[in-house]
1. Specify which residue in the list N194, G67, T295 is farthest towards the positive end of the charge dipole of the chain, using unit charges on the beta carbon of Lys, Arg (+1) and Asp, Glu (-1), about the Cα centre.
2. With springs connecting C-alpha atoms under 10 Å apart, model the chain as a Gaussian network and identify which of R303, R39, R157 has the largest mean-square fluctuation.
3. Ignoring ligands, DNA and RNA, what percent of the 1.4 Å accessible area of the chain is carbon and sulfur?
4. Using modelled backbone amide H atoms (1.01 Å from N, in-plane), which distant-in-sequence or interchain residues come within less than 5 Å of V225's amide H?
5. Using the Cα atoms of the chain, I'd like the radius of gyration and the largest Cα-Cα distance, Dmax, both in angstrom.
6. Taking square-rooted eigenvalues a ≥ b ≥ c of the alpha carbon gyration tensor, is segment 89-170 rounded, prolate or oblate, where a/c under 1.5 means rounded and, failing that, a/b exceeding b/c means prolate?
7. Could you work out how far apart the two model spin labels at Q235 and A72 are, taking each label as a point 7 Å from the Cα in the direction of the beta carbon, and quote it in nm?
8. Could you give me the ³J(HN,Hα) list for segment 97-103, computed from phi with Karplus coefficients 6.51, -1.76, 1.60 and θ = phi - 60°, whole Hz, x at Gly and Pro?
Amino acid sequence: MTARQVTIEDVARTAGVSRQTVSNALNAPHRLRATTLARVTAAIEELGYQPDQSARSLRTGTRKVIGYPAPADNPVDPNPLMGGFLQALVSAADAVGHRVLLFRCDPDQGAAAVAKSFHGLIAARQVDGFVLSDVVHDDSRVDVLTEAGFPFAAFGRTAPGRPQNWVDIDSAEATAELVRLLLAQGHRRICYVNSAASLPWLADRRAGLLRAAADAPGGAFEVGVPDDDPAALSQALQRLLSGPDRPTALVCASDWLALTAYQAVRAAGLGVGTDVAVTGFNDMPVGTLLQPSLTSVRLPLARIAHALVDRLIAVVEGGTTGPASGLLLPAMPVVRDSTPDRRGGSGTVT
């Protein structure tokens, strides 16, 4: 048989399964046992079967395509975190027989531009739904899709009154876990290196630190500068570290701020991990290259992506607006040399 002559019935006979099982292997492989899926896949490859995607789309009303408005990034200096999330999203979509369509949508250009970006894809029936990332409470993308009644899942919490089909990490608890780690190591004066950006996940990180550090014997400091200017932040940290009540640990809102913290600690004549512990958040690859390597919080990107895809497909196939509440996932610290446990060692945390 040639590939053009092969039918779904031929595949079913070769694999010893029903036509519906072959259809499930093509459209919803997650519904099949691994052994059955492997048998059907082998028959498809043996016969060279190629399903008619356009006919299938007309029949099912779906394209098996997920739209993703990729965040603006600098190609010369790309954001590794969002690159990792995109890879995880493509893998999660592929696992259930879907593709990801990337397009540009800049919320900073206003609601009209956002609506145009989404409505064009919706009107052309190019996607079954959307996955959004970096979602904030007043997100215009969420507003546009809610008003259009079109399926979406969000990485980041949506505002009350909007569909709650979101997945997020518990940033507050992850930061609190870092603080508890430092307190257990004997640290008594902890400084939170805050970001000037007004973002909900950053607010959660600050809240988690303040909650966990409330009982710290030496209290908790906080430092930050406008626009997160590295030079100004380094100077502010050097002044703090040179004072009589200097903190023994710097908990930074991001790994990028932690880089500046390393510089400030050394400029103050102190050692990272010996005199002052430093932690970050997001666990960027650069953290493992620092000396000493950076303790940070790693985001479970693969788990987040799979949860988003599963929730989106449930809405697409079920025709509902989504679950009544979002899904909050844990993110755990990865402990490295910037926060050594010095209890019982030669060093003393004071």
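The values are calculated or read from the model by the stated rules, or taken from the named source; none is laboratory data. Everything numeric in this text was worked out from a predicted model, so none of it was measured. Neighbour counts are summed over all protein chains in view; Cβ atoms, including those assigned to glycine, are modelled from backbone coordinates with ideal geometry. Areas reflect the complete protein model, heavy atoms only, side chains present, ligands, DNA and RNA absent. Shrake-Rupley method; radii C 1.70, N 1.55, O 1.52, S 1.80 Å.
1. Farthest towards the positive pole: G67.
2. Looking only at R303, R39, R157, the largest GNM fluctuation is found for R39.
3. Its accessible area is 53 percent carbon and sulfur atoms.
4. Residues meeting the amide H criterion: A196.
5. Values for the chain (Cα only, Rg and Dmax): 24.9, 84 Å.
6. In terms of gyration-tensor shape, oblate.
7. Between Q235 and A72, the simple spin-label model gives 2.9 nm.
8. After applying 6.51 cos²θ - 1.76 cosθ + 1.60, I find x, 10, 10, 10, 9, 8, 8 Hz.
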